[in-house]
Amino acid sequence: MRAMKSWSPLPLRLAIGIVFSTKGWWVLFEELGKRSDAFAEFGAPFPLIVAVVFGLVEFLGGLSLLLGLYARQASALLILIEVIAIGPAHMQRGFVQGSALNLLLIGGLLSVILSGSGRLSVKQ
């Protein structure tokens, strides 16, 4: 049973890593202008810089989770991004169409923080 516990973070870490690395890539290389415009609508200062920072945190944080490299630190940064995103961007659409995925990702990221990277990670 103990051996199984060390494997338990792996599927969660990989799934969340895929979500964030894909989302970050999409923000940085597919719709940076659109994301910047959205931040401007929310009143964020320097919306292009904010969009780039969010995209980089999502992309690099996702890669960090996939590799199991500083997964706890990456999870903490990604939680911050998700909490910020829930406010202006997702709450207006309600729970199901807005913040439900954010809440699920935050829960998974908290699990990674509590359990660590587990097996098949570059650094535990």
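If the condition is being touching a residue at least 60 places away in the same chain (Cβ under 8 Å) and of a type outside the set (A, V, I, L, M, F, W, C), then the range 6-50 contributes 6, 8, 9, 13. If you filter the range 81-99 down to residues that are small (Gly, Ala, Ser) and surrounded by 14 or more Cβ atoms within 10 Å (Cβ to Cβ), you find that the one that is modelled with the lowest pLDDT is 89. Consider the range 24-36 and keep the residues that are surrounded by fewer than 18 Cβ atoms within 10 Å (Cβ to Cβ) and in contact with a helix residue (DSSP H, G or I) (Cβ under 7 Å, 6 or more places away or on another chain). The one that is farthest from residue 116 (Cα to Cα) is 32. Please work out if residue 16 is β-branched (Val, Ile, Thr), surrounded by 15 or more Cβ atoms within 10 Å (Cβ to Cβ) and modelled with pLDDT under 95. Answer is no for this residue. Under the condition of being assigned to a helix (DSSP H, G or I) and out of contact with any helix residue (DSSP H, G or I) (no Cβ under 7 Å at 6 or more places or on another chain), which residue from the range 61-80 is surrounded by the most Cβ atoms within 10 Å (Cβ to Cβ)? Result: 67.
The values are calculated or read from the model by the stated rules, or taken from the named source; none is laboratory data. As the structure is a computational prediction, the values presented were derived from the model and not from experiment. Cβ atoms come from the backbone with ideal geometry, glycine included; neighbour counts cover every protein chain shown.
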